[in-house]
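Coordinate-derived values only; no laboratory data. Quantities reported herein were computed from a predicted structural model and do not represent experimental measurements. In this analysis, Cβ positions are derived from the backbone assuming ideal geometry, glycine residues included, and neighbour counts consider all displayed protein chains.
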Amino acid sequence: MALQRMQGFAVASKELVAASTKPIILAILSRGESYGYAIIQEVRQRSGGELDWTDGMLYPVLHRLERDGLVKARWGKSETGRKRKYYRLSSQGGRALRVEKTQWLNVHNTLADLWGIKPCPTP
Amino acid sequence: MPDALTPNAQVDDVETMICHWRDRLAARGALSGEAIEELEDHLRAEWQNIVSSDLTAEERLLIASHRLGDVDRLAEQFKPVCGAQLWARRLRWMIAGYVLVFALNLVVFTPLKNLQIVGYQIFLDLGTVWSIALTCLGVFLAMAIGLAVAIPWCASRSQRRGGVKSPWSVMTRPWFLYTAIVGMPWLAVLIHRLGFSISLSRFTSAAEFGRFALADQITSLMIPFAAPLMVLIVASALQKKSQSSNAEM
């Protein structure tokens with residue numbers, strides 16, 4: 001795996017990371033309210049470190065999703081009592097997530113078909 | 001910040017470091033107070049998550065801030081999102097600058113009004129308008145260039161001093177910059193008027209004074225609008241150029 005990383009085989013390209021940020025954030029928030037640091041941790045954990053997001057990159061994307069009405073934000077308290085900004089999916093965000101899911105599964109299934117892998121059921 | 005793992009002395013140092021980090025981020029002008037607060041929460045979470053007995057609290061904070069990304073890059077990433085908010089904030093400081101120097105103008109020149117000659121004949125002389133406008137613009141540009149040189153110098157000075165906050169660091173703050181952009185042209189008009197008031201004695205006729213007075217009124221209304229607009233158009237053109245050259249996400 002370390003060798004693969006060095007050769008750039010497994011780590012997603014910058015363009016792919018940028019394109020997948022929106023559906024990943026929406027999908028994480030569809031499971032419940034969360035905040036920046038926890039979202040990044042979850043992405044790292046679920047991708048096994050293959051999706052290497054720079055921490056600072058997440059927030060402009062979250063703010064853009066908030067501005068576009070796809071997520072809603074509120075200020076709450078962290079476990080240490082400090083101010084923390086929590087995000088959750090809006091109903092508009094839920095619809096956007098369904099569209100994203102269809103599109104990404106279409107791409108996935110086309111490639112799966114070409115590579116002879118079992119396709120995923122589309123929603 | 002409650003952090004039972006570190007002794008108080010270290011926590012104080014870490015708080016100072018976080019304060020500095022916030023200051024540097026704020027000085028970039030791209031992030032709102034809320035965005036900085038959110039990033040600080042992230043930094044603290046990352047910092048508390050680094051569990052290592054070999055590292056001091058400061059070292060852990062350095063690692064956490066490195067993971068978050070360096071301050072310039074963070075500010076750069078926030079720029080496209082906060083564009084509208086950024087301009088709203090700039091506009092607020094610019095209006096404050098305008099009002100401030102306008103008030104100064106009133107305080108300085110209200111007593112001088114008594115010097116005006118009653119019953120002068122007013123007519124428009126474009127040549128005089130241009131000469132006053134160019135004088136004011138010249139003074140403004142000289143001040144703007146001075147500021148453009150002074151700000152990076154002050155920034156490097158406030159960094160060199162390390163832990164102690166330099167009084168010069170105020171010049172690197174966005175509110176100072178945008179107040180100054182608007183305030184400076186007014187100051188230029190003010191300086192010009194001072195010269196004008198001193199040279200009042202050289203007017204030989206009421207007509208000549210009238211010509212000068214109208215030109216002064218026109219330029220003093222125009223310059224404070226035209227000069228900052230000029231600076232902002234150039235600045236946003238430069239910003240767009242730098243954004244398109246490193247466009248990502």
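Pairs of Cα atoms nearer than 8 Å and 6+ residues apart set the relative contact order; for the range A:2-90 it is 31 percent. Database remark: amide H of residue A:84 closer than 5 angstrom to the amide H of A:76, A:77, A:78 (H placed geometrically; neighbours at sequence offset of 5 or more, or on other chains; Pro and chain starts carry no H). When the Cα positions of A:58, A:37, A:78 are compared along the charge dipole of the range A:2-90, A:78 comes out farthest toward the positive end, with charges on each C-beta of Lys, Arg, Asp and Glu. Protection proxy ranking of A:49-56, A:13-20, B:51-58, by the mean of other Cβ atoms within 10 Å over each peptide's residues and highest first, is A:49-56, A:13-20, B:51-58. What FRET efficiency comes out for the pair residue A:52/residue B:130, r = Cβ-Cβ distance, R0 = 56 Å, nearest 0.05? Efficiency computed from Cβ-Cβ geometry: 0.40. Counting every alpha-carbon pair across chain A, the share separated by more than 27 Å comes to 25%. Quick test of the membrane-span-like rule: which DSSP H helices of chain A reach at least 18 Å along their long axis (C-alpha atoms) with mean Kyte hydropathy at least 1.0? Span-like helices in chain A: A:14-29.
How much FRET efficiency would the formula 1/(1 + (r/R0)^6) give for residue B:175 and residue A:64, where r is the Cβ-Cβ distance and R0 is 30 Å, rounded to 0.05? Show your work: numbers first, answer last.
Working: r = 26 Å, r/R0 = 0.85.
E between residue B:175 and residue A:64, to the nearest 0.05, is 0.70.
Can you give the mean number of other chain Cβ atoms that lie within 10 Å of the Cβ atoms in peptide A:72-83? Taking all residues of A:72-83 together, the mean is 3. Taking a spot 7 Å from the Cα of residue A:92 along the direction of its beta carbon, which residues of the range A:60-85 have an amide N less than 16 Å from it? Flagged as within label range: A:62-74. Over chain A, DSSP H runs of length four or greater, each weighted -39,500 (n - 2.57), average out per residue to a 222 nm ellipticity of -18500 deg cm²/dmol. Between residue A:19 and residue B:141, the simple label model (points 7 Å from Cα in the Cβ direction) yields a spacing of 4.9 nm. Per-residue extension of 0.36 nm, minus the Cα-Cα distance of residue A:118 and residue A:105, leaves a gain of 3.5 nm for this segment. Of A:71, A:107, A:99, the residue with the greatest mean-square motion in the GNM of chain A, using alpha carbon springs below 10 Å, is A:107. If R0 is taken as 51 Å, the Cβ-Cβ distance between residue A:38 and residue B:100 corresponds to a FRET efficiency of 0.70.
Spacing of the modelled spin labels on residue B:233 and residue B:53, each 7 Å from Cα toward Cβ, amounts to 6.7 nm.
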